[in-house]
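Take a look at the structure below.
The values are calculated or read from the model by the stated rules, or taken from the named source; none is laboratory data. Note that the structure is predicted; figures quoted are calculated from it, not measured. Positions of Cβ are generated from backbone atoms using ideal geometry, with glycine treated the same way; all protein chains shown enter the neighbour counts. All accessible areas refer to the heavy atoms of the entire protein, side chains included, with ligands and DNA or RNA removed. Shrake-Rupley method; radii C 1.70, N 1.55, O 1.52, S 1.80 Å.
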Amino acid sequence: FDVNSATIRPESNAVLKEIAAVLQQFPDTKIKITGHTDSDGSDGPNLELSKRRAAAVKQILATNFSIDISRMGSDGKGESLPVADNKTKEGKVQNRRVEFTKL
């Protein structure tokens, strides 16, 4: 994701296609999509942005790949669970992400 955006970048399409293929292969599988942000900005807006990111991914899987929306939950964690250093540009890029969890 770009800074302060919930728009899915084109380079994410391949990963979304892979996730959709697995969900199509295993129609009883349910997932949770969790959005994350870097540490720029304040906690409240970052939490909302992370929720919008997860919802955007959920919507793309439903719309573009016909995954039943009832099989997917979504939530956001804001900036609370970084996977990289938020002091670097590269780290911030890694922290603007979604994660998938099998339920």
For the range 28-42, the count of residues that are under 12 Å from residue 58 (Cα atoms) and either without any contact (Cβ under 8 Å) to a residue 12 or more places away in the chain or open to solvent by less than 60 Å² (accessible area, probe 1.4 Å) (or both) equals 4
Out of everything in the range 1-39 that is outside any loop (DSSP other than H, G, I, E, B) and among the acidic types (Asp, Glu), what residue ends up being farthest from residue 79 (Cα to Cα)?
18
Unmet criterion (only one of (1) open to solvent by 50 Å² or more (accessible area, probe 1.4 Å); (2) under 13 Å from residue 100 (Cβ atoms); (3) among the hydroxyl-bearing types (Ser, Thr, Tyr)) for residue 7:
(2)
Within the range 10-27, track down each residue that is open to solvent by 90 Å² or more (accessible area, probe 1.4 Å) and either closer than 24 Å to residue 93 by Cβ or modelled with pLDDT under 95 (or both).
10, 11, 17, 18
Looking across the range 86-97 at residues that are open to solvent by less than 80 Å² (accessible area, probe 1.4 Å) and not small (Gly, Ala, Ser), the single one that is farthest from the chain's Cα centre (by Cα) is 88
For the structure I just gave you, tell me whether residue 67 is part of a loop (DSSP other than H, G, I, E, B) and either surrounded by 17 or more Cβ atoms within 10 Å (Cβ to Cβ) or not aromatic (Phe, Trp, Tyr) (or both).
yes
Going through the range 49-63 one residue at a time, which ones are over 15 Å from residue 20 (Cα atoms), free of Cβ contacts under 8 Å to residues at least 40 places away in the same chain and open to solvent by 10 Å² or more (accessible area, probe 1.4 Å)?
51
Subset of the range 40-64, residues outside any helix (DSSP H, G or I) and of a type in the set (Gly, Ala, Ser), comes to 41, 42
Restricting to the range 64-103, what's the tally of residues that are over 20 Å from residue 19 (Cβ atoms), basic (Lys, Arg) and in contact (Cβ under 8 Å) with a residue 24 or more places away in the chain?
1
